[in-house]
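Heads up: the structure comes next, in structure tokens.
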Amino acid sequence: MPGPAAGTAHAATTTDVVCLGESMVTFLPSQPGRLADVPSFGRGIGGAESNVACALAAAGHRAAWVGRVGADGFGDHLVETIAGYGVDTSAVRRDPGRPTGIYFRTATDRGAGAHEVAYYRAGSAASAMSPSNVPYGEVFAGRILHLSGITAALSGDCLALLRELTAERPGRPLVSFDVNHRPHLWRGGDASVLLELARRSDLVFVGEDEAEEAWGIVGAEAIRAALPEPAVVVVKRGSAGATVFSGLRPGPRSSNAGGAEDAAAGTGSGDTVTHVPALHVDVVAAVGAGDAFAAGFLSATLRGLPVRDRVRHGHLMAAAVLTVPGDLTEPPARDHADRLAALDDGAWGRLRLGPGWTAADRAPEEVRTS
């Protein structure tokens, strides 16, 4: 099976982050209720990796999305919409024999018992991604390559592709991996493979809840113990915030990420542990918040900001999405986000963000406090 040759990555990159994975057309309900009762749906897009690419591009970074869509109208819509955010979609491949995936969801939160999602992705173009049909030159062209566990669950070929992309090789970009455990995708499968892929990565995002559900691992420290190799492990703890373990880990890592690699690595042989509380947010819809958090953290990593500020930018980007109905929104202006990220701990803890908080003319003291 053909794969990337050593040294495939470009010596001088023009892209900050390349995101590879599935994207689908999503149909959002016009009103709350069961799928059987919703009379109409509005069309949007949804996909963990394309969400990250769109958020990064909207935040001023050079982002690219690599994926596979059908040669159909839904594929046209996906590519055109993602490109509309400023994302480079030139490496997206069209599959003439397989359709673009679509899904429908209810208006309730994903974690709620009444939440329904109907996926139509079996046999999709995205599920046909494999080591033999991905443009490796474009995939390895960025400072960071961002992947997620959703891709690994789509098919055996997709899993083989992620194993290929996370393999150590000279010139490999910094590999960012969001575990993104989706239980319905692993029915009958072995989600422990996500632990394998995470251990092969440089920067890992994982929720405490999904680590327990997928691997039976409980607690941030135990998660880090199970992931000794990545330079940075970001453990998302819901309303409790996020804990970051950062340090130089044993084992060789080769990367052309430049400053991004330096920002992701620690400065000693042991871990630095950083905990950052979550924000108080008036939530409109929770879908897409995890992707936005990853985008905010990666954006701050590319800028070489301290770990605390990287987490705070993740929280702020997530808050922007949490206060709108869909998966994507315009992030706060960089100087606005920087002002909020620089608040002292007391002021940060008093912030309460609701719909409209990202308006460029809002100063930190004008953001509603609890």
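The values are calculated or read from the model by the stated rules, or taken from the named source; none is laboratory data. Just so it is clear, the model here is predicted, and its values are computed rather than measured. Heads up, the Cβs are rebuilt from the backbone with ideal geometry, glycines too, and the neighbour counts pull from every protein chain shown. Side chains are part of the model used for accessible areas, which takes the heavy atoms of the whole protein and leaves out ligands, DNA and RNA. Shrake-Rupley method; radii C 1.70, N 1.55, O 1.52, S 1.80 Å.
For Ser254, all conditions in the list (1) modelled with pLDDT of 95 or more; (2) under 22 Å from Glu164 (Cβ atoms); (3) open to solvent by 40 Å² or more (accessible area, probe 1.4 Å) hold save one; what is the number of the exception?
Condition (1) is where Ser254 drops out.
Just to be sure before I move on: is Ala211 open to solvent by 50 Å² or more (accessible area, probe 1.4 Å), of a type in the set (Gly, Ala, Ser) and out of contact with any Ser or Thr (no Cβ under 9 Å at 6 or more places or on another chain) in the structure I sent?
No, not satisfied.
Pick out the one residue from Arg169, Arg163 that is open to solvent by 20 Å² or more (accessible area, probe 1.4 Å), in a loop (DSSP other than H, G, I, E, B), out of contact with any strand residue (DSSP E or B) (no Cβ under 8 Å at 6 or more places or on another chain) and charged (D, E, K, R). Can you show your working first?
Values: Arg163 fails: in a loop (DSSP other than H, G, I, E, B).
It is Arg169.
Could you list, ordered by first residue, the pairs with Cβ atoms under 7 Å in which the first is in segment 67-96 and open to solvent by 40 Å² or more (accessible area, probe 1.4 Å) and the second is assigned to a helix (DSSP H, G or I), at least 6 apart or interchain?
Pairs found: Arg68/Ala126; Arg68/Ala128; Tyr85/Cys54; Tyr85/Ala57; Tyr85/Ala58; Gly86/Ala57; Gly86/Ala58; Arg94/Gly75.
Considering only segment 232-249, state which residues are aliphatic (A, V, I, L, M) and either part of a strand (DSSP E or B) or surrounded by 23 or more Cβ atoms within 10 Å (Cβ to Cβ) (or both).
Those that are aliphatic (A, V, I, L, M) and either part of a strand (DSSP E or B) or surrounded by 23 or more Cβ atoms within 10 Å (Cβ to Cβ) (or both): Val232, Val233, Val234, Val235, Ala242, Val244.
Pairs only if they're at least six apart or on different chains, beta carbon under 6 angstrom, first in segment 128-145 and closer than 11 Å to Leu20 by Cα, second of a type in the set (D, E, K, R); list them, first residue then second.
Met129/Arg68
Report, by residue number, each residue of segment 32-79 that is among the charged types (D, E, K, R), touching a strand residue (DSSP E or B) at 6+ places or on another chain (Cβ under 7 Å) and either within 23 Å of Ala285 (Cβ to Cβ) or assigned to a helix (DSSP H, G or I) (or both).
Across segment 32-79, the qualifying residues are Arg43, Glu49.
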